[in-house]
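The numbers here are math on the coordinates, done by the rules we state, and not lab data. Nothing here was measured: the structure is a model prediction, and the numbers come from that model. Quick reminder, even Gly has a Cβ in these numbers, built from the backbone with ideal geometry, and neighbours come from all protein chains shown.
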Amino acid sequence: MDDSASATLEEGHEHHRAGRLKEAHDVYKVVVTNEPENAAAHYLLGTLYMQGGNNELAVDLLAKAVDLEGGNQEYRCNLGTALLQVGRLEEGLGLLKETLEAEPDHLLAHTNLAHAYAESGDTVLAENHLKAIIRIDSRNARAYGDMGVIMAKRGAFDRALENFRRALDLQPGDPDFQINLANALLESGDIDAAIPRYERLLKEGPRSVLARFHLGVAHERKRDFEEAIAHFRQATEINPEFAEARVNLVSVLIQTDRVKEAETEAREGVRQTPENALAHTALANVLLQLEQPQEALDAADRAIAIDASLEKAAEIRARTLAALDAAAAEPGA
């Protein structure tokens, strides 16, 4: 690369670091056009496209960078990451593994492999890569947080809590670590320890819909139904399309014999999120309680059409069909 191209790329990189993405794009594009064999220019433009979510273009540019400079593991790692983001899983994993063969302590490769395996459900391999990250960088808070998430998914809540606490020791103000710790406490059965953590999160961010929702869940499990209703309502007010909060609100209203009120909320949930299977399931449940089996059946069928794997919808559908059969068998029906 000649000195003028190097200076031009550095100018683009300055724009990139400062968040002036259009200016960075224009500079990188000039170098790529004028010097089609410039690996760094292809790489930088590719990473810019990745940052903007244009992963197909990113793959093409990063692949060209790797072709031009195959020994550069940073280029290879980012190409692997871009391939994962466009759904080319095997190719992406293969390139990230190649990066680690060349540089066993490559943190970004370990991180992206951990995330890819966690998303695919292979928590054992994800854990192995997170352990490698922690071995390389014992103060990597994100790795401890990710390890906590994996342990929570396995139901190993003691280990999850240990990792979330370590993550918070390293980054005390991180809201993700805070809510994940509270959720692990809740799921481990320590509701009384979880509630003040949610309340603390809400003091810091009153519009945190997830903290509000989980605080509602905590109160529901304690059978503090009025508190649960209040928090679920507030969650739906903050985000009317947050279907889970409204579904839980409907459930608690049914438990407290406010079925007509539950119907109103369930219909609003379907209106707000017409393609959400849980919303239609909640409506089917309410209508069955109100002895409106045909409409309940329609709602359950709609839920199953959206998500055929939803067991609750299938269960309500079966109960609804039984109710319709019983009604048809009555004398005079």
Arg88 to Glu330: FRET efficiency via 1/(1 + (r/R0)^6), r the Cβ-Cβ distance, R0 51 Å, to the nearest 0.05? 0.30
Given N residues in region 138-289, what is its alpha carbon radius of gyration divided by 2.2 N^0.38 Å? 1.13
What shape does region 1-94 take by its C-alpha gyration tensor, where a ≥ b ≥ c are the square roots of the eigenvalues and a/c under 1.5 counts as rounded, a/b above b/c as prolate, and the rest as oblate? oblate
Considering only Cα-Cα distances, which of the following residue pairs are longer than 23 Å: Lys97/Lys153; Lys97/Lys131; Lys64/Lys131; Lys131/Lys203; Lys22/Lys97; Lys29/Lys97? Lys97/Lys153; Lys64/Lys131; Lys131/Lys203; Lys22/Lys97; Lys29/Lys97
Indicate the gyration tensor shape class of region 116-165 (rounded, prolate or oblate), computed on the Cα atoms with a ≥ b ≥ c the square roots of the eigenvalues: a/c under 1.5 is rounded; otherwise a/b larger than b/c is prolate and the rest oblate. oblate
Which whole-number percent gives the relative contact order of region 189-243, counting Cα pairs below 8 Å spaced six or more residues apart? 29
With a point put 7 Å past each Cα toward its Cβ, work out how far Ala305 is from Glu103 in nm, to one decimal. 5.2
Assign one of three labels to region 134-220, namely rounded, prolate or oblate, based on the Cα gyration tensor with a ≥ b ≥ c the square roots of its eigenvalues; rounded applies when a/c is under 1.5, prolate when it is not and a/b is larger than b/c, and oblate otherwise. oblate
Using a Förster distance of 25 Å, the FRET efficiency for Asp158-Val124 (Cβ separation, nearest 0.05): 0.85
Would you mind calculating the relative contact order of region 150-275 from Cα pairs under 8 angstrom and at least 6 residues apart, reporting the percent as a whole number? 14
Alpha carbon centroid spacing (whole Å) that separates region 240-278 from region 41-104: 44
Applied in sequence order to region 307-318, the curve 6.51 cos²θ - 1.76 cosθ + 1.60 (Karplus, θ = phi - 60°) yields integer Hz couplings, x standing for Gly and Pro, of 9, 5, 8, 6, 5, 4, 5, 5, 5, 5, 4, 5
Under a Cβ-Cβ cut-off of 9 Å, what is the net charge of the residues other than Thr123 that fall near it, where Lys and Arg count +1 and Asp and Glu count -1? 0
Label corresponding to Cα Rg over 2.2 N^0.38 Å when calculated from the structure given, among (1) 1.44; (2) 1.30; (3) 1.00: (2)
About its Cα centre, how strong a charge dipole does the chain have in debye, to the nearest 20, once Lys and Arg get +1 and Asp and Glu get -1 at the Cβ? 960
Crossing angle, helix 259-272 versus the chain [Cα axis fit, 0-90 degrees, rounded to tens]: 30
Using a 7 Å offset from the Cα along the Cα-to-Cβ direction at both Glu204 and Thr33, what is the distance between the two label points in nm, to one decimal? 4.7
Over the chain, what is the relative contact order in whole percent, taking alpha-carbon pairs under 8 Å and six or more residues apart? 6
Pairwise label distance in nanometres, Leu290 with Val259, each label 7 Å out on the Cα-Cβ vector: 1.0
Give the distance, in whole Å, between the Cα centre of region 285-333 and the Cα centre of region 178-235. 32
Only Lys, Arg, Asp and Glu count, each charged at its Cβ (+1, +1, -1, -1), so figure out the dipole size of region 181-259 about its Cα centre, rounded to 20 debye. 120
Rank Gln272, Ile306, Ala230 by how far each Cα sits towards the positive end of the charge dipole of the chain (+1 on Lys, Arg Cβ; -1 on Asp, Glu Cβ) and give me just the farthest. Ala230
